[in-house]
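First comes the structure, then the notes that go with it.
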Amino acid sequence: MELGSCLGFASAGRLKSFDPKDLGSGPQSLPNFRCAKDWVPRDFRTACYSQQNLATPHSVDLQKPSSKFEVLSFRSFLFSFLLITFHTSLIASVSWAAFVPKNRPYDVGHYAIDMKLDVLSGRFNNSVVIRFRPNISLHQIELDCVGLRVKAVKNLPGNENLRFRVNSASGTLIVLFPLDQPKGKDLEISVEYSGQAGLQHEGFFRVADPDDPARLPLFFTMFEPTSARRFFPSNDEPYDKATSEVTVEIDSRYDVLSNGRKLSDKLFRGKKGASLHRVHWTQEKPQSTYLLTIAMGQFGVLKDSIDGVPLEIYMAPGKESRARFAMDVLKHSTVFLKDFYGIAYPWPRYGMVGIPGFLWGGMENTTLTSMRESAMTLEDPSARLQKFRIAMVVAHELAHQWFG
């Protein structure tokens, strides 16, 4: 059982609005486990009974476990957690077997992405300013760059044009400097480029809402494990963490969401009189490139807070009430995880944004998790298995915010 499942049980057991009986009373409704009603979060004990006993519900005394029940103490859960972590790492190591870190001789400190999106065509014209520090003296810098048309590269602050070449076979952009750049000195370059939103759920992509044909097309990013390079030239290596900021110029009917804090949102008229706005987000703590995210669309929003942490859930307009259960899970899970890790939530806010038909259940982008919309909006208050699924996924993705 993955960590998300354990935390889903935990959240479900704590919620006043969640009755563990909602998990069902037979093998057909929950094939492996069922949580006891009197789960004790402080001592991290949960009672479950096996599939053959699911058809006969029992009350359980956590102090006197019977042969039909298994009580997990904190130590046994921690052991299970370590096994889960090892198992997940093993799977990851197998799936990443072909990934070889490039260990390039520089460290990126900051990315500043400026985006202009044509929502009708899905075409974007972008620039990214990259601040980096060489670890050795170097005369060129290699960046990851896939499927993008690079127009110009400039040296900052002087704005001098730099020579460059794109290697489509290796998916790299090589920038050449006229002179060797000294070790340890902060440098900045600007790359101007363009690209196209795809339909596959990787890089930068667009989706339609099948439940609302009148809703404008939505645009999202999905960069894990190495698809940030499909949206901006970068050192797309998980080890090289950097701060970032994102500025998007888009049709004013669109909400724009990203990592960290929103600094500004300014309306203006475009060249042809179109109503546009320019939205600026900043992420002030370093993160891996695959955790950067942008979401653009027409959203309804449900807001709350817990322990001073602003919480937001974005979904299709009109579905706000269906996200209340996920918000309840989110609030209790935030407190639970703070106690479990012994560390307060480490970011300025936390949000989840629903993607219709998202290929993945959830993606733990820093401060803004991308979620399959059905994994956070409840179809029906009596949908027992969906409540369990929502509790599991919401808690699982939130847990990533502490450790990546």
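Quick notes on this structure:
- Segments classed as strands (runs of 3 or more DSSP E), wholly inside the range 278-365, with at least 2 members that are under 15 Å from the mean Cα position of the chain (by Cα): 294-297, 309-315, 350-355
- Verdict on LEU173 being in contact with a strand residue (DSSP E or B) (Cβ under 8 Å, 6 or more places away or on another chain) and within 22 Å of VAL150 (Cα to Cα): yes
- Residue satisfying all of: in the range 243-276; assigned to a loop (DSSP other than H, G, I, E, B) and of a type in the set (D, E, K, R); modelled with the highest pLDDT among these: ARG253
- Residue list for the range 117-133, filter: in contact with a Lys or Arg (Cβ under 8 Å, 6 or more places away or on another chain), among the polar types (S, T, N, Q) and surrounded by fewer than 19 Cβ atoms within 10 Å (Cβ to Cβ): ASN125
- Selected residue (only one of GLN181, GLN196 is at pLDDT 95 or above, within 19 Å of GLU142 (Cα to Cα) and polar (S, T, N, Q)): GLN181
- Only listed residue being at pLDDT 95 or above, more than 17 Å from GLY122 (Cα to Cα), of a type in the set (A, V, I, L, M, F, W, C) and surrounded by 16 or more Cβ atoms within 10 Å (Cβ to Cβ), chosen from PHE223, PHE219, PHE231: PHE223
- Subset tally (residues that are hydrophobic (A, V, I, L, M, F, W, C) and touching an Asp or Glu at 6+ places or on another chain (Cβ under 6 Å)) for the range 277-295: 1
- 1 or more residues in contact with a Pro (Cβ under 9 Å, 6 or more places away or on another chain) and under 20 Å from ARG123 (Cα atoms): qualifying strands (runs of 3 or more DSSP E) within the range 144-202: 149-156, 187-196
- Hits in the range 199-212 - residues which are crowded, with 16+ Cβ neighbours inside 10 Å and without any contact (Cβ under 8 Å) to a residue 12 or more places away in the chain: none
- Scanning the range 307-359 for residues that are of a type in the set (Ser, Thr, Tyr), crowded, with 18+ Cβ neighbours inside 10 Å and over 24 Å from ASP255 (Cα atoms) gives SER333, THR334, TYR345.
- First in the range 344-361 and of a type in the set (D, E, K, R), second anywhere and assigned to a loop (DSSP other than H, G, I, E, B), Cβ under 6 Å, 6 or more apart: ARG349/THR367
The values are calculated or read from the model by the stated rules, or taken from the named source; none is laboratory data. In this text, all values refer to a predicted model and were calculated from it rather than measured experimentally. Glycine gets a Cβ as well: all are built from the backbone with ideal geometry, and neighbour counts include every protein chain shown.
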